[in-house]
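To keep things clear, I will list the structure first and then write my remarks on it.
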Amino acid sequence: MEKSKCPMPLEDIKERVLSAIVDLYRYDGDLLDRDANERSITHKLAEHLQRRFPNWHVDCEYNRRGDKEKRLPKSDEKRGVAAKDKGTRRVFPDIIVHRRGTHVNLVVIEAKKLHSSSSRKEDDIEKLKAFLRDPNFKYCVGLFLEVGTVRESPELTEYKRGGATEDWTAGLTKKLNGLGYEK
């Protein structure tokens, strides 16, 4: 698979994403404390991301790839489907940072509450990995975010093409601690 060049340095992406999550805690922490629906939380996070990525489109549950429906191969390992019968499934990533109408995709984010079932988390992580593997999407970064209340430390893991991961939680915690969210 040909590796495409990311249109923004990874450190710049990381700083912008971490700052947007800090903004979520700062301005919309009540959503976290009220146990609001995941979609409400990701919507607000997307608004904060849009301010951090002003020349990009930030969308929630965006199901388009150009003019077509966004689809990924069905996972034969998880669902026990024979390889010849795999087919595809429609997908709706929680948040993406991209340029609509093009094939330029920067960040794909899946988010869950800290107390969600492990199988739901695993499904989202598998979806992230599939987005990063699929040559049709070419996302630079896949992120899995787990949030709880403002008193619970969020967890943020970066997934890269090729399967490598990096834990961004320490950087996020440091930024939140700077605002007085000591854990």
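The values are calculated or read from the model by the stated rules, or taken from the named source; none is laboratory data. None of the values given here were measured: they were computed from a predicted structure. Counting neighbours? That spans all protein chains shown, and the Cβs are built from the backbone with ideal geometry, glycine included.
Considering only residues in segment 15-56 that are among the aromatic types (F, W, Y) and buried (at least 17 other Cβ atoms within 10 Å of the Cβ), the one that is farthest from G101 (Cα to Cα) turns out to be Y25. Screening L145, L172, L128 for residues that are in contact with a Pro (Cβ under 7 Å, 6 or more places away or on another chain), modelled with pLDDT of 90 or more and closer than 16 Å to C60 by Cα leaves exactly one candidate, L145. Residues in segment 80-107 that are at pLDDT below 70 and either under 21 Å from A46 (Cβ atoms) or within 19 Å of the chain's Cα centre (by Cα) (or both): R89 alone.
For segment 26-39, a tally of residues being over 17 Å from the mean Cα position of the chain (by Cα) and part of a helix (DSSP H, G or I) returns 8.
Under the condition of being in a helix (DSSP H, G or I) and either within 19 Å of the chain's Cα centre (by Cα) or surrounded by 14 or more Cβ atoms within 10 Å (Cβ to Cβ) (or both), the residues counted in segment 145-183 number 7.
Among residues of segment 1-14 being in a helix (DSSP H, G or I) and of a type in the set (D, E), the one that is surrounded by the fewest Cβ atoms within 10 Å (Cβ to Cβ) is E11. Entry remark, segment 108-141: residues being in a strand (DSSP E or B) and within 22 Å of S40 (Cβ to Cβ) number 6 in total. If only residues of segment 97-106 that are touching a His at 6+ places or on another chain (Cβ under 8 Å) and either surrounded by fewer than 22 Cβ atoms within 10 Å (Cβ to Cβ) or aliphatic (A, V, I, L, M) (or both) are counted, the one that is farthest from L18 (Cα to Cα) is R100.
Residues are listed down the side, and each one gets a yes or a no for (1) at pLDDT below 95; (2) part of a loop (DSSP other than H, G, I, E, B):
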site	(1), (2)
R16	no, no
S19	no, no
I41	no, no
E47	no, no
P54	no, yes
D59	no, no
L72	yes, no
K78	yes, no
